[in-house]
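Contents: one structure, followed by commentary.
The values are calculated or read from the model by the stated rules, or taken from the named source; none is laboratory data. All values derive from a computational prediction rather than experimental measurement. Here Cβ is always computed from backbone atoms with ideal geometry, including for glycine, and neighbour counts include all displayed protein chains.
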Amino acid sequence: MVSYLSSSEIWPSSTVGSLFLGELVGSCFFGPYADICGRRKSFLLSCTLIAGCSLMSGLSSLEYIHVVEFMVGVGVGGFTIPFDILSECHSASRRRASLVVKINYFWALGAILVPLIEWFNFVYLGSTWRTFVLICSLPSLVALIMGYFTVQESQIWLKSQMVPMKLADSNESVNTTISSLTNSSHSDQTVSSVVSAKATEIIRSLGIVETLSLWLIWFGKSFSYYGMVIVTSRIFYENEGGWDYRRSTMSCFSEVAGTWLTGVLADRMGRIQTMMGGYFVAGIFLMSFTMYDYIILCVIGRVALVLAVNTTWIATPEMYETKIRATGHGIANFFSRGGALIASVYLVRKDVSTEMCGLLLCIFCMISSMASYMLPETKDVDLEGGELEMKLIQISSIRDDFSPERRQNPSRAKALVERERGVVLL
């Protein structure tokens, strides 16, 4: 679509720039919103913005197209939420990566269908870009309708909110101690307070070096991925004297192979080794493709990059605890959108050669590969355990001190603790 719009009445870099600017705003909003109001509400709001504004972009006049695309980008900023939901649904599974990555098959399907729909709309039907945009907006509308009826709230998020509420029947001194342990007052939270109060907590929970490395990886991965799409589109268009739909579709099928490899390797090799190897191989082959223009180099490079990118999406929510998971993921996505914005503005310039683009892709892939080494391995981390379980043990211990029944009948103490723990967790 970018290659077509470059010769139409809409300047593509400004339109794409409006989209990514909206994504910067959306990534800052939806993470804290999901931690406050829940994953389901955040997901549905994101889908509503994408579906509604995508349809409007195909119908609106050119004077408002950039505003509408900006709002689409705000909705796209919530793309992290489905990964948070799926990670929490499979919190204790040792096959979590292979289960979560299944959602990326739909992304791969979309990547394959876009050039096919573009050929059908522009070449076969001879229609305009508006028809193309309207057709491409239909899947988001379907996702909104299906998500409303099928997507449920994350049980782990609900449990994290229920800890202070379920134990509210204790005496005042116990409640004071429990409140200091849980440190979560949901009714007093706002988006602005979460962003300001938890920024330091996000850095402290992961570590300064690890956090900066993670943000650098997210910036590099989006610069590399969107840069790859732009550079391959330029090569397919310029070297063939017109759009090469056959090679473009063949390249998009690499998304399926990369997604499949993610499910195979991320649970066996671990997240870190998969990311390091994927980014390294992608950088070498993508730079080679810009120099020699062999489709096999493009396919291998894209498979490796999709492997690394998918693993990054899976590993990031696993690094944070429930109360800051969506916020931490959203902040990382903010840096990702920045990388995509720079790639979409700089790499489309005619004075930047494809060889220089390939060199930049290689550099950012190598940086992401090295930065991955600094991150903690999360392959076997139980997202439901850890801190929440420790809080429940501490709370049960505190109640033990204040309960005459437990002091008089120690044999029932353990059973009562387990029963209360089950009430909180259920």
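Here L286 passes the criteria (1) in contact (Cβ under 8 Å) with a residue 60 or more places away in the chain; (2) in contact with a Leu (Cβ under 9 Å, 6 or more places away or on another chain); (3) within 27 Å of S87 (Cα to Cα) except the one numbered (3). In the range 54-95, of all residues being outside any helix (DSSP H, G or I) and of a type in the set (D, E, K, R), the one that is modelled with the lowest pLDDT corresponds to E63. Checking each residue in the range 77-113 for being farther than 25 Å from I331 by Cα and either of a type in the set (S, T, N, Q) or not assigned by TED's automatic domain parsing to the domain that holds R271 (or both) picks out only S93.
Residue-level analysis places T232 among those that are in the same structural domain as M356 (by TED's automatic domain parsing), closer than 25 Å to E23 by Cα and either modelled with pLDDT of 90 or more or part of a helix (DSSP H, G or I) (or both). Only one of the numbered conditions (1) over 22 Å from L265 (Cβ atoms); (2) hydrophobic (A, V, I, L, M, F, W, C); (3) in contact (Cβ under 8 Å) with a residue 12 or more places away in the chain is violated by V352, and that is (3). Of all the listed residues (L388, L425), the sole one being modelled with pLDDT under 90 and under 29 Å from W215 (Cα atoms) is L388.
Only one of the listed residues (T262, T274, T249) is assigned by TED's automatic domain parsing to the domain that holds C357, part of a helix (DSSP H, G or I) and within 17 Å of the chain's Cα centre (by Cα). That residue is T262.
Q408 satisfies every condition listed in (1) within 28 Å of M162 (Cβ to Cβ); (2) modelled with pLDDT under 50 except (1).
Can we say V309 is among the aliphatic types (A, V, I, L, M) and either farther than 19 Å from P115 by Cα or crowded, with 21+ Cβ neighbours inside 10 Å (or both)? Yes: the conditions hold for V309. Taking (1) in a helix (DSSP H, G or I); (2) surrounded by fewer than 23 Cβ atoms within 10 Å (Cβ to Cβ) in turn, V352 satisfies each apart from (1).
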